[in-house]
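Peer 1: Have a look at the structure that comes next, please.
The values are calculated or read from the model by the stated rules, or taken from the named source; none is laboratory data. Just so it is clear, the model here is predicted, and its values are computed rather than measured. A quick note on method: Cβ atoms are made from the backbone with ideal geometry, for glycine too, and the neighbour counts reach across all protein chains shown.
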Amino acid sequence: RWSRLGVSVRVSTNHRDATAMSFHCIVPGHPPVSANAFKQVASNRWIVTLECQEAINEVVAFVTEPLEPSTALGCHIASPPFEESSWHYLGAITAQAPSVVFKTRLVWTARDALPTCVQFGIELQPTAQLAARPAEMVSVEVLEAGRRIGKDLYEYVASFAAPGGGVPPPGYIVLRGDVFERWLARFNDKCARSGLDWLYNSG
């Protein structure tokens, strides 16, 4: 459980350590953080505290040595007070994707604010297990804000719908009854796959 990440106790050294995995992370604009800065808190978990003067909105993570076959590193991040509910799953480092840029600003909630101190955690797990777990690309608050904006737009557009069905008179439109639900499902799916990057590619 990720609530254990706050425990400052190093466990058995019989397990593969972070140094052997050559794991590193970087907050853009700051020096790289090497594997030996990570603290082992469970047989397959390590954490490091990152601090900056400005909000930590991105973290780059990568390995410089191949991972063992069928294994991957799940990457997590949390803001103070580093409780179990504070952790966000960002995605995985794999043999096929040995480096990833995590846009952490999209997962921060109102509770997280814009933290200048975070804990970054990695967890060694089977690749198949991590592949079945969706990464948190945007916060639930972003999704809720999108839902409310979409609902407001739908209600406004629906006010121009033709009354009583049939051929709409000039100045009116015809709307499917489930158009909002279909739009919301599409919006949530896009956010789940690519965060908010798709907004910058839609013109």
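Peer 1: Quick one: which of Ala37, Ala97, Ala135, Ala92 is surrounded by 14 or more Cβ atoms within 10 Å (Cβ to Cβ) and free of Cβ contacts under 8 Å to residues at least 12 places away in the same chain?
Peer 2: Ala37 is the lone residue from the list that is surrounded by 14 or more Cβ atoms within 10 Å (Cβ to Cβ) and free of Cβ contacts under 8 Å to residues at least 12 places away in the same chain.
Peer 1: Residues that are in contact (Cβ under 8 Å) with a residue 60 or more places away in the chain and either within 30 Å of Phe38 (Cα to Cα) or surrounded by 12 or more Cβ atoms within 10 Å (Cβ to Cβ) (or both): does region 140-152 have at least one? Break it down into steps so the answer makes sense when it comes.
Peer 2: Initially, region 140-152 is screened for residues in contact (Cβ under 8 Å) with a residue 60 or more places away in the chain, giving none.
Among the residues of region 140-152, not one is in contact (Cβ under 8 Å) with a residue 60 or more places away in the chain and either within 30 Å of Phe38 (Cα to Cα) or surrounded by 12 or more Cβ atoms within 10 Å (Cβ to Cβ) (or both), which makes the answer no.
Peer 1: Which of the residues spanning region 104-130 are assigned to a helix (DSSP H, G or I) and surrounded by 12 or more Cβ atoms within 10 Å (Cβ to Cβ)?
Peer 2: The answer is Thr104, Arg105, Leu106, Thr127, Gln129, Leu130.
Peer 1: A further question follows. In region 20-75, what residues are outside any loop (DSSP other than H, G, I, E, B), under 14 Å from Cys117 (Cα atoms) and not β-branched (Val, Ile, Thr)? Can you show your working first?
Peer 2: To start, the set of residues in region 20-75 that are outside any loop (DSSP other than H, G, I, E, B) comprises 20-21, 23-26, 33, 35-37, 39-42, 45-51, 59-63, 71-75.
Restricting the remaining residues to those that are under 14 Å from Cys117 (Cα atoms) gives 26, 47-51, 59.
Leu50, Glu51, listed by residue number.
Peer 1: Let me ask something additional. Going by what's in this entry, would Phe82 be described as crowded, with 18+ Cβ neighbours inside 10 Å and modelled with pLDDT under 90?
Peer 2: On the way: crowded, with 18+ Cβ neighbours inside 10 Å: yes; modelled with pLDDT under 90: yes.
So Phe82 fits the description; yes.
Peer 1: Related question: Would you be able to say whether some residue in region 178-185 is farther than 30 Å from Arg133 by Cα and either among the acidic types (Asp, Glu) or exposed (fewer than 13 other Cβ atoms within 10 Å of the Cβ) (or both)? Step through it out loud before you land on a result.
Peer 2: Initial filter on region 178-185 (farther than 30 Å from Arg133 by Cα): none.
No, region 178-185 contains no residue that is farther than 30 Å from Arg133 by Cα and either among the acidic types (Asp, Glu) or exposed (fewer than 13 other Cβ atoms within 10 Å of the Cβ) (or both).
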